[in-house]
Amino acid sequence: MKDQITFDLRQAEILSAQGKFYQANKLLKKCYRQKKNFRINYLLFSNFLALKDYSMAVATAEEYLTAYVADNDYLKQLFLAMGKAALFLKMRKLFIYFEQYMNQSEKSLFRRMIDQAEKQANQQFTSLCQSQSKKISFWPVPAQRQLVEKILHLPLADFLVLSKRIMAMRTVHPLVKSELLDNLRALKIQTKYNLSFLNGKNIMVIPSELHDFKNSKLRKQFAVYFSHFSDQQLANLQKKEVFLKLQLLYPFEDRIAKFDHNWLAIFLGKKDELAEKDQKDWCLLLETYLSEWNI
């Protein structure tokens, strides 16, 4: 197999040199499936760049992200691909994560690359998102989710404006707001946001001060609980439901809920096992929002 991979890689390089990128792409994908390493990953990444499939180039590079970040030339190519794919927020989050390891010259270089990429953003697409965001509260949940996916491809300044607008809307689904809030947190945004919470209350939050949902105390406790199930297929189904309902409560899940029998019944929709009215109300509310999300 090793000899075959070596042969296919040589053929792919010859085809790429001849400008036959589609044929080269097939061979490189085949090689990568058989043997994953950085060399083949980079060849495939470069091939996607040549094909102008920038989203796939970024997705490929992310499998060996530390290798790209460790070399400025590789990182510059990755940033260019991200810019072309309109992944401006992803560029910024990556920069924030690795900024502490950069010298001043490197910081200036990659900040300029981010700024230049955002200046080339599609203004027609931005205007469309701005217009649609004003109507999102009247849309069904699937359409809300689709719009948020678009908004995540906006430059930072536009993303901040639209996020602030959407977070304050009562009828936008909580998991849509959670997605926006998580991105604001990762971007370390220190501005106050008015969050219309699922219980109808308006609460001011500062994204940079919030915890990562993956580090939620309750999420970790329930993960351990389900890991002890003998039937892991059932455990995974129930865990998914519990995690989604926990996320509906983000960023206040650790204050509102508890790791106990009653809240497990609430998260699993077992209303008959609940005695208190407020417990049944939470159960119904979370079940309703999850049903809307899973349509």
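Remarks
- Ignoring aspartates and glutamates fewer than eight residues from Lys271 along the same chain, the ones with Cα atoms less than 19 angstrom from its Cα are Glu241, Asp260, Asp281, Glu287, Glu292.
- Between Gln4 and Lys76, the FRET efficiency estimated from the beta carbon spacing at R0 = 30 angstrom works out to 0.35.
- The stretch between Glu63 and Asp272, if pulled fully straight at 0.36 nm per residue, gains 70.7 nm over its current Cα-Cα span.
- As a rough guide to protection, the peptides 245-256, 120-131 ranked by mean Cβ packing within 10 Å, highest first, stand as 245-256, 120-131.
- Structural descriptor for the chain: relative contact order 10 percent, calculated from alpha carbon pairs under 8 angstrom and at least 6 residues apart.
- On the beta carbon distance between Ala143 and Ser291, with R0 = 22 Å, the FRET formula returns roughly 0.85.
- Once C-alpha pairs closer than 8 Å and six or more residues apart are averaged by separation and normalised to the residue number of the range 214-293, the relative contact order reads 26 percent.
- Rounded Å value of the spacing that divides the Cα centres of the range 271-295 and the range 108-123: 45
- Whichever lysines have a C-alpha closer than 21 Å to that of Lys90, once near sequence neighbours (fewer than 8 apart) are set aside: Lys52, Lys76, Lys107, Lys119, Lys150, Lys164, Lys177, Lys188, Lys214
- Of the peptides 69-82, 133-146, 227-240, the ranking by mean beta-carbon count within 10 Å, highest at the top, reads 69-82, 133-146, 227-240.
- Length gained on full extension, Leu51 to Leu109, computed as 0.36 nm times the residue gap minus the Cα-Cα distance: 18.3 nm.
- Separation in nanometres of the label points that stand 7 Å from Cα toward Cβ, at Gln132 and Leu237: 3.4
- Computed from the Cβ-Cβ distance with R0 of 22 Å, the FRET efficiency linking Tyr225 to Asp281 stands at 0.40.
None of the figures in this text is laboratory data; all of them are computed from the coordinates on show. This is a predicted model, so every value here is computed, not measured. Note that each Cβ is placed from the backbone with ideal geometry, even for glycine, and that neighbours are counted across all protein chains shown.
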